[in-house]
Amino acid sequence: MGREGQAAMNHDIAIIGMACRFPGARNYEEFWENLKEGRSSIQEIPKDRWDWKAYWGDPQKERNKSNSKWGGFIDDVDAFDPGFFGLSAREVEATDPQRRIMLELTWSCLEDAGVRPSRLSGNKVGVYIGVFNFDYKGLQESRERTIETYHSIGTASAVIANRISHYFNFKGPSFPIDTACSSSFNAIHSAAQSLLLGECDMALAGGISLILTPSRHISFSKAGMLSPTGSCKTFDDSADGYVRSEGAGVVLLKPLQRALEDGDPICGILKGSAVNHNGKTHTLTYPNPDAQAEVIAEAHRRAGVPAESISYIEAHGTGTPKGDPMEFQGLVKAFRMLGSDKRNYCGLGSVKTNIGHLESAAGIAGLIKVLLSMKHKQLPGLQNFKKLNHRISIEDSPFYMVDRLRDWELPQTEEGPAFPRRAGISSFGFGGTNSHVVVEEAPDTGRVAGQRLPGRLICLSAKTEEALRRRMLDLMLWLDNKGQDCELGDVSATLLLGREHFGVRAAFVVKDMQELREKMARVRDQGEAEGYFQEHIPVNGAKAQPLFEQLGKALIHELGSNLAISEQEYARKLMALAELYVKGHEADWEALFPRGRVRHVHLPTYPFARERYWISEEEGV
């Protein structure tokens, strides 16, 4: 690697984990399926939010009326698992559900990255969360109800990030960011800057937005911003406004060089980012294509990559008849500023056509879409695109519309692929704060083939019996859908090394994936199986027993050594380790997996309980 390549790597940020909840999707696997299949996740406003019929009307002529009955919504915004996080019911009820969701997603993101949260305790981990809507606070204060002790803390915007840092004992910077629709990208930009400055060693960054009251629906309808037909028609000639939506996403960031050294799973590389402001325009919310061009060009300069290497742009793309042409104008100007003169080589798309505009979570939704597109080497098509906006001239531009699902081809030269898959992603706030990031697909780090062993230890744990049962069911479903692409040793290593171990434990000793499926099915149907162990450790934990500790060390040493052991003896020793595990004894599990011979697997994350906690209906109107 030359000096320029090494210098770039020193500034590159690896994305090593991610988690999300978007309209129609409980996780990023479901999100990708929706994108790939071209599904729209827009619906009528559900009754558990508000009765849209009571507010339906002409916003220009009638008081507090909206001509939009549409939105993108996530399920179970009232649900939480207080027992898992050690919080009281009274505190949770007073707490903004945006904070609860971000706590759960943070845990899932760390698991996705194969990071045990307890190993980060006390470390300089930063937390940066974009947030814009505070409807739960409005709901509480709009009713004549007793103000609880937890109200101030429960609705404070700062504590959306601070609660995460407190729970996990993170010592890095921790704060929310509100720049409206560009909030989550400003969070990611701030996190990247802190990593480069050494303020933190790892960082969590993302955004969240929930829609719980009709106030902004009414206001935005009056301003003519919302689509009365209920769809974002980005870059289409029939574009008539955007659809408000909700959701949340978070990514775990780490300097690329360290991520490679530590063998972390890499979802993608953040090459560069930039933020700016429109300055003074016709009105506060009026777009400035020149400022948008400048922020896009600056992000690419910081990334240190040529414009010709960018093969996709995830546009802000709100679907407004004037905003879309201005954004396109800014993109064309940015690529000219960067010296690009090629035509029609870079695809244009926007996730808002699938899930609507997530406002403070819009940027993170676009980023996760691009990371998934890189992983699957496909570009989802623009929903609702039929005819190009007549104000846009695309023929002499660098761009083409991704109007259908297509393979994401690598830029080619006569010698072969010229660049890896790279993309730019835009997110612009209605107050004038613009942001853009440049990402690159994960590097091919190579891998030594895993060892073929007579058996493997598959360990699962949870805080309750019900959660353990759900973990098994989730793993069974994953095995049916994804298991054929993975090795048993990788699954074993991920569960032992990349998961926290709780008091309700189960362990399987199996020789291959098929046997694991069969034994899990037997346990599901009959409650037991040969080579299966399960116990519930008391709350005060297992007492240290030197004899068991010595036995565990001896077993690990024998299994991890190159000594010749018969298959029967190997299985017997694994059984002994399984029994030690379910009794609560820890061991040096890493010794079972030689470094470089295992690959982290993105297994299902913790199944949190879904208990309802909401504003009490007994008081007030």
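The values are calculated or read from the model by the stated rules, or taken from the named source; none is laboratory data. Since the structure is predicted, the reported quantities are computational estimates derived from the model, not experimental observations. Cβ atoms come from the backbone with ideal geometry, glycine included; neighbour counts cover every protein chain shown. For the accessible areas, the whole protein counts, side chains as well, though only heavy atoms, and no ligand, DNA or RNA atoms are used. Shrake-Rupley method; radii C 1.70, N 1.55, O 1.52, S 1.80 Å.
Observations
- Of the strands (runs of 3 or more DSSP E) that lie entirely inside segment 349-463, those containing 2 or more residues that are within 18 Å of the chain's Cα centre (by Cα) span 422-428, 433-441.
- With respect to the conditions (1) at pLDDT below 95; (2) among the aromatic types (Phe, Trp, Tyr); (3) open to solvent by less than 20 Å² (accessible area, probe 1.4 Å), Phe168 lacks only one, and its number is (1).
- Qualifying residue in segment 84-98 (condition: of a type outside the set (A, V, I, L, M), in contact with a Lys or Arg (Cβ under 7 Å, 6 or more places away or on another chain), assigned to a helix (DSSP H, G or I) and surrounded by fewer than 20 Cβ atoms within 10 Å (Cβ to Cβ)): yes
- Meets criteria (of a type in the set (Phe, Trp, Tyr), modelled with pLDDT of 90 or more and open to solvent by less than 40 Å² (accessible area, probe 1.4 Å)) for Tyr606: yes
- Residue count for segment 19-37, restricted to those that are open to solvent by less than 10 Å² (accessible area, probe 1.4 Å) and either touching a strand residue (DSSP E or B) at 6+ places or on another chain (Cβ under 7 Å) or not hydrophobic (A, V, I, L, M, F, W, C) (or both): 5.
- Segment 133-165, subset of a type in the set (Asp, Glu) and part of a loop (DSSP other than H, G, I, E, B), residue surrounded by the fewest Cβ atoms within 10 Å (Cβ to Cβ): Glu144
Listed here are the residues, each with its yes/no results for (1) buried (at least 24 other Cβ atoms within 10 Å of the Cβ); (2) modelled with pLDDT under 95; (3) not aliphatic (A, V, I, L, M).
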{"residue": "Ala205", "(1), (2), (3)": "yes, no, no"}
{"residue": "Ile208", "(1), (2), (3)": "yes, no, no"}
{"residue": "Pro214", "(1), (2), (3)": "no, no, yes"}
{"residue": "Lys222", "(1), (2), (3)": "no, yes, yes"}
{"residue": "Gly230", "(1), (2), (3)": "no, yes, yes"}
{"residue": "Ala239", "(1), (2), (3)": "yes, no, no"}
{"residue": "Ser245", "(1), (2), (3)": "yes, no, yes"}
{"residue": "Gly249", "(1), (2), (3)": "yes, no, yes"}
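- For segment 171-187, a residue qualifies if it is under 19 Å from Glu199 (Cα atoms) and either open to solvent by 10 Å² or more (accessible area, probe 1.4 Å) or out of contact with any strand residue (DSSP E or B) (no Cβ under 7 Å at 6 or more places or on another chain) (or both), and the qualifying residues are Lys171, Gly172, Pro173, Ser174, Phe175, Pro176, Ile177, Asn186.
- Check on Ile74, part of a strand (DSSP E or B), of a type outside the set (Phe, Trp, Tyr), on the phi < 0 side of the Ramachandran plot and at pLDDT 95 or above: no
- Count of segment 284-312 residues, restricted to those that are of a type outside the set (Phe, Trp, Tyr), out of contact with any Pro (no Cβ under 9 Å at 6 or more places or on another chain) and not in a loop (DSSP other than H, G, I, E, B), is 13.
- Residue within segment 329-337 that is within 18 Å of Leu270 (Cβ to Cβ), hydrophobic (A, V, I, L, M, F, W, C) and out of contact with any strand residue (DSSP E or B) (no Cβ under 8 Å at 6 or more places or on another chain) present: no
- Looking at His316, His357, just one residue is under 18 Å from Ala180 (Cα atoms), in contact with a strand residue (DSSP E or B) (Cβ under 7 Å, 6 or more places away or on another chain) and open to solvent by 10 Å² or more (accessible area, probe 1.4 Å), and that residue is His316.
- In this entry, Gly198 is excluded by the filter for residues that are farther than 25 Å from Gly429 by Cα and open to solvent by less than 10 Å² (accessible area, probe 1.4 Å).
Listed here are the residues, each with its yes/no results for (1) on the phi < 0 side of the Ramachandran plot; (2) at pLDDT 95 or above; (3) small (Gly, Ala, Ser); (4) buried (at least 22 other Cβ atoms within 10 Å of the Cβ).
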site	(1), (2), (3), (4)
Arg258	yes, yes, no, no
His282	yes, no, no, no
Glu298	yes, yes, no, no
Glu308	yes, no, no, no
Gly347	yes, yes, yes, yes
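- Residue among Pro289, Pro325 that alone is closer than 16 Å to Ala274 by Cα and open to solvent by 10 Å² or more (accessible area, probe 1.4 Å): Pro289
- Considering segment 384-404, the residues that are within 19 Å of Ala423 (Cβ to Cβ) and touching a Cys at 6+ places or on another chain (Cβ under 8 Å) include one that is most open to solvent (accessible area, probe 1.4 Å), namely Tyr400.
- Positions within segment 38-66 being in a strand (DSSP E or B) and surrounded by fewer than 18 Cβ atoms within 10 Å (Cβ to Cβ), in sequence order: Gln43, Glu44, Trp56
- Lone qualifier among Lys519, Lys573 - being of a type in the set (Lys, Arg), out of contact with any His (no Cβ under 9 Å at 6 or more places or on another chain), buried (at least 17 other Cβ atoms within 10 Å of the Cβ) and modelled with pLDDT of 90 or more: Lys519
- Counting only residues that are of a type in the set (A, V, I, L, M) and more than 24 Å from Ser183 (Cβ to Cβ), segment 418-442 holds 2 of them.
- Test: residue in segment 481-489 that is modelled with pLDDT under 95, part of a helix (DSSP H, G or I), in contact with a Phe, Trp or Tyr (Cβ under 9 Å, 6 or more places away or on another chain) and small (Gly, Ala, Ser): yes
- Inter-residue pairs, beta-carbon under 9 Å, first at pLDDT 80 or above and in segment 442-458, second among the hydroxyl-bearing types (Ser, Thr, Tyr) and surrounded by 13 or more Cβ atoms within 10 Å (Cβ to Cβ), 6+ apart: Leu453/Tyr570; Pro454/Tyr570; Gly455/Tyr570; Arg456/Ser492; Leu457/Ser492; Leu457/Tyr581; Ile458/Ser492
- With respect to the stated conditions, Pro454 fails to be of a type outside the set (A, V, I, L, M, F, W, C) and crowded, with 17+ Cβ neighbours inside 10 Å.
- In segment 148-161, the residues that are closer than 15 Å to Asp135 by Cα form Cβ pairs under 6 Å with partners that are at pLDDT 85 or above and of a type in the set (Lys, Arg), at six or more places apart or across chains, as follows: Thr155/Lys137; Ile160/Arg99.
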